[in-house]
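Scroll down for the structure; my scribbles are underneath it.
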Amino acid sequence: MTSHDHQPPLAAPLGPTAVKLRLAMYVALGVLVVLNFFILPHDPHFGIDGWPGFWAVFGVVVAVGLGRLAKGAAHTFLGQDEDFYQRREPKPAPAEPVAAAHGAHGHGGH
């Protein structure tokens, strides 16, 4: 590995406030899942949605899936090579309009 192969980290390290907020979020999500064992859905429609913690797992799986889908779509449709604009050849100058050959006002000198 040479000095040119070193890449910067993808994200900066989290500060103490961000770490506390992340921990608080995980605790809150854990409490909600535990409460779901005691407070069951009133009328589950598909059977599986009556399982404790189903909606928490479903939400995380769908959020991660949508994030990956959006990243893939952005990479596919928006991503360009680094030299994309340099590779394009300049367009030729447009041809002179026909009206300009007949005079400034297009009357043809009549």
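The values are calculated or read from the model by the stated rules, or taken from the named source; none is laboratory data. Note that the coordinates shown come from a computational prediction; the quantities given were computed from them, not determined experimentally. Quick reminder, even Gly has a Cβ in these numbers, built from the backbone with ideal geometry, and neighbours come from all protein chains shown.
Per the conditions (1) among the aliphatic types (A, V, I, L, M); (2) modelled with pLDDT of 85 or more; (3) more than 23 Å from the chain's Cα centre (by Cα), the sole criterion not satisfied by Met1 is (2).
Checking Gly59, Gly67, Gly50 one by one, the residue that is small (Gly, Ala, Ser), surrounded by 10 or more Cβ atoms within 10 Å (Cβ to Cβ) and at pLDDT below 80 is Gly50 and no other.
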